[in-house]
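Notes to accompany the following structure.
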Amino acid sequence: FSWRSNTLYNQFLVSFNYNRTLDSHMIKNTEWGAMSYLTNSDFGIDSDMNINNNSAFKTGYSSVGNRNQHTYPGEYGDNSTYNLPYNTEVGYLASTTGNITGIYDLNGGSVEYVSGYRSTSYGTSGFNSTNITTYNAKYFDVYNAASTATSYNYRILGDATYETSPISNFGDGDGVSRYHGSWYGDIAHFVDATNPWFIRSGTYVYGVLGGQFAYNRNTGAADIALTSRITLIP
């Protein structure tokens, strides 16, 4: 199960303190971008990853093929009718490499906070202008203070936002209009003043909105559907 319902600051601290020898830290937006691009290359599955549509927030699951994920919300549940685990042929389709050696849950499961934020804006993350300076700037991707939901030009090279930025804004199955990226139609909303922290992936309900290139924004607050990911540097 993914670890959820904690502020971004608490999740950052747990990641940072996990293993200082291996320079552990919360994954940055640019590091997520690197994973996404490698997934969509000869080194990865080179396609859109299957969504983890397990409604119990179990990690490493993959939607079975007869479940509709072409709209929002997609179909989801917590049994073999809806999804299968990481060590099955179906499960492999939710891995970055298409086999058990890859990285799972870049699409669906829980939405994931990444360490990337709009400059001088901290939302309700638990970070502020004082405590954030106690950490080396290398652990954060900091975006232009003028960023808005559609200011893709403020991207940081390699974060997989500008290059995959929206080609259209249209209504999904729930009737709400959203920006959809040019790669696989994943959701694509940049950070803004109210929601200054980037989030990636998507929840188990995301359907067509989810994917390794999905990006959105949030306040940094604790939420039952929000988790994060630890990065190690040997």
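Considering the conditions (1) in contact with a strand residue (DSSP E or B) (Cβ under 8 Å, 6 or more places away or on another chain); (2) more than 25 Å from Val205 (Cα to Cα); (3) assigned to a helix (DSSP H, G or I), Gly91 is excluded by exactly one of them, (2). Within the range 32-44, the set of residues being open to solvent by less than 40 Å² (accessible area, probe 1.4 Å) and without any contact (Cβ under 8 Å) to a residue 60 or more places away in the chain comprises Ser41, Gly44. Restricted to the range 124-163, and to residues there that are touching a residue at least 60 places away in the same chain (Cβ under 8 Å) and of a type in the set (Val, Ile, Thr), the residue that is nearest to Ser15 (Cα to Cα) is Thr124. Candidates in the range 1-31 are the residues that are among the charged types (D, E, K, R) and open to solvent by less than 40 Å² (accessible area, probe 1.4 Å); of these, the one that is farthest from Tyr113 (Cα to Cα) is Asp23. Going through (1) surrounded by 20 or more Cβ atoms within 10 Å (Cβ to Cβ); (2) within 24 Å of Ala145 (Cα to Cα); (3) more than 19 Å from the chain's Cα centre (by Cα) one by one, Ser129 falls short only on (1).
Annotation note: Cβ proximity below 7 Å between a residue of the range 58-72 that is touching a residue at least 60 places away in the same chain (Cβ under 8 Å) and a residue that is assigned to a loop (DSSP other than H, G, I, E, B) and open to solvent by less than 40 Å² (accessible area, probe 1.4 Å) (sequence gap 6+ or interchain) occurs for Asn68/Gly74; Gln69/Ile51; Thr71/Asp172; Tyr72/Asp172; Tyr72/Tyr206. Within the option set Tyr179, Tyr154, Tyr82, Tyr117, being of a type outside the set (Gly, Ala, Ser), under 17 Å from the mean Cα position of the chain (by Cα), open to solvent by 40 Å² or more (accessible area, probe 1.4 Å) and more than 27 Å from Asp42 (Cα to Cα) holds for one residue only, Tyr179.
When the residues of the range 210-234 are filtered to those that are in contact with a His (Cβ under 9 Å, 6 or more places away or on another chain), under 19 Å from Thr96 (Cβ atoms) and not hydroxyl-bearing (Ser, Thr, Tyr), which remaining residue is surrounded by the most Cβ atoms within 10 Å (Cβ to Cβ)? Per the stated criteria, the residue is Ile230.
Listed here are the residues, each with its yes/no results for (1) open to solvent by 10 Å² or more (accessible area, probe 1.4 Å); (2) modelled with pLDDT of 95 or more; (3) in contact with an Asp or Glu (Cβ under 7 Å, 6 or more places away or on another chain); (4) not in a loop (DSSP other than H, G, I, E, B).
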{"residue": "Ser147", "(1), (2), (3), (4)": "no, yes, yes, no"}
{"residue": "Trp183", "(1), (2), (3), (4)": "yes, no, no, no"}
{"residue": "Asn195", "(1), (2), (3), (4)": "yes, yes, no, no"}
{"residue": "Tyr204", "(1), (2), (3), (4)": "yes, yes, no, no"}
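Just to verify a result, which residue in the range 49-61, among those that are within 16 Å of the chain's Cα centre (by Cα) and more than 19 Å from Ile100 (Cβ to Cβ), is least open to solvent (accessible area, probe 1.4 Å)? Out of the qualifying residues, it is Asn53.
The values are calculated or read from the model by the stated rules, or taken from the named source; none is laboratory data. A quick note: this is a predicted structure, and the numbers were derived from the prediction, not measured. Positions of Cβ are generated from backbone atoms using ideal geometry, with glycine treated the same way; all protein chains shown enter the neighbour counts. To get the accessible areas, we keep the full protein, side chains included, count just its heavy atoms, and leave off ligands, DNA and RNA. Shrake-Rupley method; radii C 1.70, N 1.55, O 1.52, S 1.80 Å.
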